[in-house]
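All remarks here apply to the structure that follows.
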Amino acid sequence: MGKLYLIGLGPGGPLQLTRQAYEALAASDVLCGYTGYIALAKDWFPEKETYATPMTQELDRCRWALETARGGRTVALLSSGDAGVYGMAGPLLQLTQGAQDVEIQVIPGVTAALSGAAVLGAPLMHDFCLISLSDLLTPWEQIEKRLIHAAQGDWVIVLYNPGSKKRRDYLRRACDLLLQYKSPETVCGWVRNIGREGTTHQTLTLKELRETEVDMFTTVFIGSSTTQTVGPWMVTPRGYERKR
């Protein structure tokens, strides 16, 4: 029986690759993933055999990894961040249809919400949610509904995939929805190229965020009504001070 690791690489830097993920990569015969993720892994394991496909070929990639593992090899199927957060763990496990002819292990990784939050300070100290603004797989109407309910619930909101060449105005559209329920002065932040060379970030207000251009390498943090700036940091209080 072969083995299949579903590995989250973290944000992309070697310091944020977990030890468990590193050991699983080292134990694998072949690395399978999106072209960009394979390039990252090849820096760490240049001797490994690889199988790469471009974007939009996720299911083909999963099928190849599963069949290769069924052939008796140890395969690492790569995702950025965490494999179970907008990654390859879900579609791969669905393809198995419950069959146990391959040993599968999901290896957790550091998702962008966590690595980006560490750059900004402590914006996720209280309840928060993750919402992707990509409507490639989710209708925009559903994304709008989730944004509205998250704003009404006063959650801290982390936005993945906030913009691209084809979706330049999606962050502005999201901010317009949120501004119906949140103050324009709500503390927000963004981080680009998390964990990689050239990491940049900024703390700003929701009304300023509305005018900000972002891309697929950016993760956006929108605070709750209690989120504040403490010096250079973005902080959402948990309420420990009220326990005194």
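What residue, among those in region 136-195 that are assigned to a loop (DSSP other than H, G, I, E, B) and of a type in the set (Ser, Thr, Tyr), is most open to solvent (accessible area, probe 1.4 Å)?
181
Across region 26-44, what is the total count of residues that are assigned to a helix (DSSP H, G or I) and over 22 Å from the mean Cα position of the chain (by Cα)?
Total satisfying the criteria: 2.
Filter region 88-135 down to the residues that are open to solvent by 70 Å² or more (accessible area, probe 1.4 Å), in a strand (DSSP E or B) and not hydrophobic (A, V, I, L, M, F, W, C) and list them by number.
Answer for region 88-135, where residues must be open to solvent by 70 Å² or more (accessible area, probe 1.4 Å), in a strand (DSSP E or B) and not hydrophobic (A, V, I, L, M, F, W, C): just 103.
Each row is one residue, and each column tells you yes or no for (1) over 26 Å from residue 191 (Cα atoms); (2) open to solvent by 70 Å² or more (accessible area, probe 1.4 Å); (3) in a loop (DSSP other than H, G, I, E, B); (4) in contact with a helix residue (DSSP H, G or I) (Cβ under 8 Å, 6 or more places away or on another chain).
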residue: 21; (1), (2), (3), (4): no, no, no, no
residue: 24; (1), (2), (3), (4): yes, no, no, no
residue: 46; (1), (2), (3), (4): yes, yes, yes, no
residue: 68; (1), (2), (3), (4): yes, no, no, no
residue: 75; (1), (2), (3), (4): yes, no, no, yes
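Looking at (1) closer than 13 Å to residue 118 by Cα; (2) touching a Lys or Arg at 6+ places or on another chain (Cβ under 8 Å), which one does residue 211 not meet, given that it meets all the others?
The failed condition is (1).
Could you check region 49-60 and list, in sequence order, the residues that are modelled with pLDDT of 95 or more and either open to solvent by less than 20 Å² (accessible area, probe 1.4 Å) or over 24 Å from residue 90 (Cβ atoms) (or both)?
Result: 49, single match.
The values are calculated or read from the model by the stated rules, or taken from the named source; none is laboratory data. This one's a predicted model, so the numbers in the text were calculated from it and none came from an experiment. Virtual Cβ from ideal backbone geometry, glycine too; neighbours counted across all protein chains shown. Areas reflect the complete protein model, heavy atoms only, side chains present, ligands, DNA and RNA absent. Shrake-Rupley method; radii C 1.70, N 1.55, O 1.52, S 1.80 Å.
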